[in-house]
Structure formats: structure tokens, C-alpha cells
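Read through the structure below, which is laid out as C-alpha cells, and then see the notes.
The values are calculated or read from the model by the stated rules, or taken from the named source; none is laboratory data. It should be emphasised that the depicted structure is a prediction, and the values quoted were computed from it without experimental measurement. Here the Cβ positions follow ideal geometry from the backbone for every residue, glycine too, while neighbour counts run over all protein chains shown. For accessibility, only protein heavy atoms count, side chains too; no ligands or nucleic acids. Shrake-Rupley method; radii C 1.70, N 1.55, O 1.52, S 1.80 Å.
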Amino acid sequence: MSGDAAVARAPTGAQIDSGTRRRRQLVLALALAAVMLVLFGLAIGSEGISWSSFMADVRGDQAALIFGQIRAPRTIGAFAVGALLGLAGAVAQGLFRNPLADPYLLGSASGATLAVVLVLAASELTGNVLSAGAAQILMRIGLVIAAFVGALVGVLLTLAISQGARHTLRLLLGGVVVGVVLGALSDLVTSFAPEALRSKQMFMLGSTGYLSWSSVFVLAAGLVFLVPLALRFARFLDAMTLGEDTAASLGLQPSRARIWLVLLLALGTGIAVSQAGLVAFVGLVSPHLVRRFAPSASGYTVAVSAVAGGVLLMAADVVARALIAPQELPVGIVTAVLGGGYLMWLLYRRSLLS
């Protein structure tokens, strides 16, 4: 490259200032949106968004229970679930250098679904022995543990089939194979235990209705552990955009870094899925939004994608609770419609510009 060409391609001071300003504006907008959505999440009751209903709840005898034990953990938990999915989505897209990669790419979704179906089928046996209340509590705990373990097992199977994380293409193909096989096994189980089909469908649609303070603690612990780990490997993701040889020349160890990032992806997805089920499109769309409005290095993209994912899921939770109140929509349906609609619009717009 000639000196003149290098100077021409170098970003000017105005471009740097504009990029910095856009990144700050995005963070500020997400922070304001998060605060507003927390308020909406606390205000929405069985009648949807209603001022009179909200004031009646505030003045009622059950205010501490309604706000402190139901709406607050659900709202904060929705943000934490979305943040984990946004973080995992940004890592997946950076790791595979594919903007269509999502947190469920490596078999975690199918593994979690199969484990949940097995617990649902087995609960029929324990339900005949235990009381209804005890059986329900044990099933809830079992579903959370099963979803987390199943997601990890799905990713570990993918790693075993692809013989590690050295070859990203082989890893992707392994994830597809594991997803198909485990999905077929879960369908086989439901064919023998059809009573588990409805609960399986609810799990696959995703729900924030069961989030409690214990869920928030688990989700927050996951974020506290995984966010610094993702930021630590952000330099590797930046180097991988220039190729594996460049990453190795910078003193990085691609094989080791891939293993850590795959484990991060599995843990983040497993924790989120175990608490809220399979929430679609949040992990795919949030990194897209961040890169579209404020393209930057991987460290910024990963961190802000987590915030964007939390804001997106809180917004979807508000819509799911308010749209057909007093009934609720599964939050996964809302995220699928909004996220899928956004991606369709984006693809259509790019096809017009090309």
C-alpha cells in the first residue's frame, strides 16, 4: 500500500470524534431506556398499563408482595437474561465471524430442550408418589438444573464431534448435527409422553413469568463471571478479523482462546435458558443493533450488546404483559416477531441498496 493510500484510508479526527460521540449516545440511550422499562415493568399489572390500577396496587395491603416479590425480580431478571443472551450472541458472531451466528448455534438449545423433556416425562412418575405441591417444586428445580446441564452437554457433544474448537467450520457443522439429533430425541420422548408436549412448547417459547430473586441471583452471578472473561478475550476477537495467522503473530493462542470463548458461550446460554427458556432472536439482534449504530472494537461491542440484549428483553416483556392483558403472551413470541421483523427489514433494505 502506498503512503498516499494509507493516509487516505486513515480515519480523520472528525471521524474519530463522530464515532466516539455515537458510542456515547448509544450507551446513554440504552441507560435511559433501561430506566424507563424498569418503571414500566413495575407499573404493569393484570389490567396492563393503567394508572388507576397502579395506584390501587401501591396503596393496597399486598404492595410489598406485588412489587418486591413479583414485578421487581421479573423485570430485573428479564434484563439479566437478555444481557446474557446479548453477550453470548456478540461472542458467537465474533468467534465465527458470522453476523448470523446466535447463542443457540452449538447445540445448546436442543440439549436444553431434550433435558427438559426428560424431566417432564419423569415427573409423571414422581407426581404419583409425592404431593402435588412437592412434585411441582421438585419439577421446577429439576427443569432449571436440567436446562442448564442439557445446554452444556449439547455444546460438549459439539466439541467432541468437531474434535475441539480449532476449526470453526467443523464446529458449526457439528452444532447443526447435534441440534438435529437431540431435537429428534426430544420429539421421540414426547411421542411416548404426550403430556410433556405442552410444557415443552412453553419452554421453547420462553417465559419471564417464573423469574424470582433466586433467579436474579443466579443470572447476576453469571454476568459477573462472564462479562470480564469476554472482555479479556476481546483482543482475540479483534485479531481474528484479520485472520488466524495475524492473531498468532500477536502472541495470542487461537486454540486456547476458542475453547474459552466456546465455554463462555455455553455457560451464558445455559444460565439464561435455565431461567427463562428459549428466548429467540435477542442474542442475534442485539449485536446487530450495536454494530449498526456504533461500530467499534470487540470489547465495546460485547459489553454494550449485553446491555442492549437486556433492554430488548425488558421491552419484549413489557409488550408481552400489556398487549392482551390480563392474559400474557410468551415473551419468546414477542422477541421472534420484533427481532425477525427487524432482520427482514434490514435484509430488504440492503437488497435495495445493492
**Asked** If you go through segment 297-354, how many residues are in a helix (DSSP H, G or I), of a type outside the set (Ser, Thr, Tyr) and touching a residue at least 12 places away in the same chain (Cβ under 8 Å)?
**Response** 31
**Message:** Going through 224, 181 one at a time, which residue ends up being surrounded by 15 or more Cβ atoms within 10 Å (Cβ to Cβ), assigned to a helix (DSSP H, G or I), at pLDDT 85 or above and β-branched (Val, Ile, Thr)?
**Reply:** 181
**Item:** Odd one out for residue 320, checked against (1) within 15 Å of the chain's Cα centre (by Cα); (2) modelled with pLDDT of 90 or more; (3) not charged (D, E, K, R)
**Value:** (1)
**Request:** Sort out which residues of segment 257-297 are surrounded by fewer than 22 Cβ atoms within 10 Å (Cβ to Cβ) and among the aromatic types (Phe, Trp, Tyr), and write them in order of number.
**Result:** 260, 293
**Item:** Residue check, residue 100 surrounded by fewer than 24 Cβ atoms within 10 Å (Cβ to Cβ), touching a Leu at 6+ places or on another chain (Cβ under 8 Å) and in a loop (DSSP other than H, G, I, E, B)
**Value:** yes
**Item:** Pick from segment 188-211, criterion open to solvent by less than 40 Å² (accessible area, probe 1.4 Å) and hydroxyl-bearing (Ser, Thr, Tyr), ranking: farthest from residue 91 (Cα to Cα)
**Value:** 190
